[in-house]
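Asker: One structure coming up, written as C-alpha cells, with questions to follow.
The values are calculated or read from the model by the stated rules, or taken from the named source; none is laboratory data. Since we're looking at a predicted model, the values are computed, not measured. Here Cβ is always computed from backbone atoms with ideal geometry, including for glycine, and neighbour counts include all displayed protein chains. Protein only, heavy atoms only, side chains kept; ligands, DNA and RNA dropped before computing areas. Shrake-Rupley method; radii C 1.70, N 1.55, O 1.52, S 1.80 Å.
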Amino acid sequence: MKPINEMKLSFLSRSSNEAFARAATASFLAQLDPTVDELADIKTAVSEAVTNCIVHAYKNTIGTIYITMTLYEGKNAPEARIKIRDKGCGIEDVKKAMEPMYTTCTTGERSGLGFAVMESFMDKLKVTSTPSKGTTVTMVKVIRSKGDE
Amino acid sequence: MAVKLSISQDEIFAHLLGDIDHHTAKEMREEIDAAIHRIQAKSLTLDFSGVEFMDSSGIGLVMGRYKLINSYGGSLNIINASERIKKMMYMAGMDKLAIINDGGKVR
C-alpha cells in the first residue's frame, strides 16, 4: 500500500507527555478530515498505549517512547497506522496481558483495560514484545467517513 | 486544578475538570481521597460534565474511589458523563459499582 504521509515522534516517558502524544497524533490525522468520533477513538487508543509504556515498560525509570504514524490511501477509505514502541521491560505473556481486567498493578488504580480499549476503538491491533528488549504496539484505523459510499 | 470539591456534612460532590488520563487522574485521586478520609464520607458524586476526554485511567479512578467510599459504607454516583464516557463505564462494568445517572444538577 502506498503511504500518503508519515511522521515520527520520540519523547521521554513522562506522564505529562500523554496529553502531548494525543494532541500530536490527532493533529497529524486532521489532514484525513476524520469525524469527531474517529478522532476520539484514536486519541483514546494512543493514550492507552503511551500510558502502558510509562506505567509498565519504563516502570520506575525514564526511557524514550517512539511513535510512527503513517497514512495510507487504503482500498476504499484512507487508513492511519500508528506504531508505538518502547525499549522497556517487555511483556512475558502478551496473551495474558491483553485479557480484559488483567493487570500487574497492585494499587487498585489501574483497570487492566488498556488493550481492550485499543482493540475496541481501533480496526486492527498487533502487539509484539520481547522481555527486557521492549514492546511494539501497531494499530490501524480506517477513516470511514471519507470512504466511497 | 483538575477537580473542584463541594462538601456538605458527609457528602462530597466532585466536579472533574479537563481530560482524564494517567497523569491527571493522580491529582483528582489525591484531592478526593483526602476529603473522603477527612469527613468519613458516606456519599461521593463524580460529575463528568467538565470532562471531554477520558481513557481507561478514568475507569481506574472510579474503581479506586468505589473501594474507598465503600470501606466507609458509602455509595458512589456518576453524573453527566458523555455518551462516549458512559460506553467505557458500561464496558468496564462500572454500573455494578456506581449509580450512573444521566441527568444531574451541575453545581
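Asker: How long are the semi-axes of the ellipsoid equivalent to the protein assembly as shown, from square roots of 5 times the Cα gyration tensor eigenvalues, in whole Å, largest first? Walk me through the numbers before you get to the answer.
Answerer: Working: eigenvalues 222, 89, 46 Å².
They are 33, 21, 15 Å, listed from largest to smallest.
Asker: Right, something else. May I have the convex hull volume per residue, in Å³, for the Cα set of region A:78-149?
Answerer: Details: hull volume 7.1 nm³, N = 72.
Hull volume normalised by residue count: 99 Å³.
Asker: As I understand it, the value is the acute angle between the Cα axis of helix A:36-52 and the longest principal axis of the Cα atoms of chain A; what does it come to in degrees, rounded to 10?
Answerer: 30 degrees
Asker: Residues with amide H under 5 Å of residue B:50's amide H, sequence separation 5 or more or different chain, H placed in the peptide plane at 1.01 Å from N; which?
Answerer: Excluding prolines and chain starts, which carry no amide H, the hits are B:16.
Asker: Within the protein assembly as shown, what percent of beta bridges assigned by DSSP are antiparallel, to the nearest 5? Could you put the intermediate results ahead of the total?
Answerer: Details: 38 of 53 bridges.
That works out to approximately 70 percent antiparallel.
Asker: Alpha carbons only, please: Rg and Dmax for chain B, in angstrom.
Answerer: Radius of gyration, then largest Cα-Cα span, for chain B: 12.2, 33 Å.
Asker: What accessible area per residue, rounded to a whole number of Å², is obtained for region B:3-101 using a probe radius of 1.4 Å? Walk me through the numbers on the way to the answer.
Answerer: Working: 4180 Å² over 99 residues.
Each residue of region B:3-101 exposes 42 Å² on average to a 1.4 Å probe.
Asker: Would you please name the GluC sites (Glu not before Pro) within region A:44-128 that are DSSP coil residues with at most 12 other C-beta atoms within 10 Å of their C-beta?
Answerer: Numbers: sites: A:48, A:73, A:79, A:92, A:109, A:119; in loops: A:73, A:92, A:109.
Sites meeting the loop and neighbour criteria: A:73, A:92.
Asker: Which value results for Rg/Rh of chain A when Rg is the Cα radius of gyration and Rh the Kirkwood radius based on the inverse mean 1/r?
Answerer: Numbers: Rg = 15.1 Å, Rh = 15.6 Å.
My calculation of the ratio gives 0.97.
Asker: May I pose another question? Do the alpha carbons of any pairs in A:59/B:96; A:87/B:67; A:124/B:96; A:8/A:43; A:8/B:86; A:124/B:67 sit beyond 23 Å of each other, and which pairs?
Answerer: Numbers: A:59/B:96 31 Å; A:87/B:67 34 Å; A:124/B:96 30 Å; A:8/A:43 16 Å; A:8/B:86 33 Å; A:124/B:67 34 Å.
Among A:59/B:96; A:87/B:67; A:124/B:96; A:8/A:43; A:8/B:86; A:124/B:67, the Cα-Cα distance tops 23 Å for A:59/B:96; A:87/B:67; A:124/B:96; A:8/B:86; A:124/B:67.
Asker: Here's a follow-up. For region A:43-149, which chymotrypsin sites (Phe, Trp or Tyr not before Pro) are in a loop by DSSP, counting at most 15 other Cβ atoms within 10 Å?
Answerer: Numbers: sites: A:58, A:66, A:72, A:102, A:115, A:121; in loops: A:58, A:102.
Qualifying residues, ordered by number: A:102.
Asker: Rounded to the nearest 5, what % of the DSSP beta bridges within region B:1-77 are antiparallel ones? Can you show the working numbers first?
Answerer: On the way: 6 of 16 bridges.
Of all bridge pairs located within region B:1-77, approximately 40 percent are antiparallel.
Asker: Determine, from the Cβ-Cβ distance of residue B:75 and residue A:4 and an R0 of 51 Å, the FRET efficiency 1/(1 + (r/R0)^6), rounded to the nearest 0.05.
Answerer: Details: r = 51 Å, r/R0 = 1.01.
After rounding to 0.05, the efficiency reads 0.50.
Asker: Using a 10 Å Cβ count of at most 14 others and DSSP loop calls, identify the longest part of chain A lacking such trypsin sites (Lys or Arg not before Pro). Let's see the in-between values first.
Answerer: Working: sites that count: A:14, A:59, A:75, A:133.
Answer from the scan: A:76-132.
Asker: Calculate one ³J(HN,Hα) per residue across region B:81-97 by plugging θ = phi - 60° into the Karplus curve 6.51 cos²θ - 1.76 cosθ + 1.60, and present them in order as whole Hz with x for glycine and proline.
Answerer: 7, 5, 3, 5, 5, 4, 4, 5, 4, 5, 4, 8, x, 5, 5, 7, 9
Asker: Then there's this: Quantify how strongly other chains surround peptide A:104-113 by giving the mean number of their Cβ atoms within 10 Å of each of its Cβ atoms.
Answerer: Partner-chain Cβ atoms within 10 Å, mean over residues of A:104-113: 6.
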